[in-house]
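The structure appears right after this line, and notes come after that.
Bear in mind that the values in this text are calculations on the coordinates, not laboratory data. Predicted model, so just to flag it, every value in this text is computed and none were measured. All Cβ positions, glycine included, derive from the backbone under ideal geometry; neighbour counts span all protein chains shown.
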Amino acid sequence: MDKIKMFAYNYRDFDEKQYFDQFADEFGIELKHVPFSPTPDNVELAAGCQCLNIITTPLTAEMLEKYYALGIRYIVTRTIGYDHIDLEACRRLGITVANTPYGPEGVAEFTLMLMLMTLRKTKSIEHRFYGQDYTLKGLLGKQLSGLTVGIIGAGSIGSSLIGLLEGFKCKVLVYSPRKNKELPAYAEYTELDDLLKNSDIISLHAPSNESTFHMLGKDEFAKMKDGVVIVNTARGALIDTEAAIDALESGKIGGMGLDVIEDEFDLVYYDRREEILHKKPLYLLRSYPNVTMTHHMAFYTEQTILTMVRDSLRGARCHFDGKENPWKVC
């Protein structure tokens, strides 16, 4: 089979290399790579390649036009989400875009972990423990068992989380534009307003698009129970960050578990330890004792890294062989 020439950005030696080596050989791909992100200034690095392999770094219309002029006709992102790519520009130029979905179990488990950590105030417990403060006052948590959990989005991850919640004997409310007929009987579909009003915990599993932008904002927070816990392992843009900060400071929101935040593309996955970041909302949220934050890593397991690398290459092979590509998004 003819070799496919691929250029990979954000290539990681410590976890991806073994899989790139294995599957590039298996699928007949000649791979060039760099450890950093694509920018308007390094587009030329992909000269001579037919396809691009990226992660959650923005590809603007300006960059895409340059890549097209170099001969790029296929772009794959090693992520489920693809909102960082200007799809309209890709359609106009005739560039095919693909993503790499992975099994939902890892994110669902991580979401459950954030729920439990927030309910049991583990951030405050850890801070006290390392400061040798072994008191209990202020650390009284809540049991997940018996609470009402609202799931927004019943796709693969939301559905997987619902399955995990069965053992906790929770009441589960679900809002999703698309109904999943295979949801367990203990999960009840409801309207969004009813979910907001009746849930003790709300977990987001919706995609990021125009219709879901800031789907939780000032008006939605006002409808929620006092002390509600909100968990987001989906996309930062689903929550109006400024409104969430106000709701945290008023006590309307009792705690948050966040793996994602708005305006994070230039943060993950970089070392910014020596920099002053112009991210005031991030600094505020991170400072609150009832907010647990991680850096967009709910997906990060051995199984998902293998899947993401393998399918980013396998989809390219399908595309250039003229076969059906199940990972194609546009």
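3J(HN,Hα) along region 109-121, derived from phi through the Karplus expression 6.51 cos²θ - 1.76 cosθ + 1.60 where θ = phi - 60°, amounts to 5, 5, 4, 4, 4, 5, 4, 5, 4, 6, 5, 9, 6 Hz, with x in place of Gly and Pro. Taken along the Cα-to-beta-carbon direction at a fixed 7 Å, the label points for Ala47 and Glu324 span 4.0 nm. Label-to-label distance, Tyr300 versus Ser250, with points set 7 angstrom from Cα along the beta-carbon direction: 3.5 nm.
Measuring nothing but alpha carbons in region 1-89 and taking Rh as the Kirkwood radius, the Rg to Rh ratio lands at 0.95. Farthest toward the positive end of the dipole of region 105-293, out of Ile261, Thr212, Phe129, is the Cα of Phe129, where the dipole comes from beta carbon charges about the Cα centre.
Taking each residue as 0.36 nm, the span from Lys218 to Glu65 lengthens on full extension beyond its C-alpha to C-alpha distance by 51.2 nm. If you find the alpha carbon centre of region 99-166 and of region 255-330, how far apart are they in angstrom? So the two Cα centres are separated by 19 Å. Building the convex hull from the alpha-carbon atoms of region 105-293 and averaging its projection over directions returns 11.5 nm².
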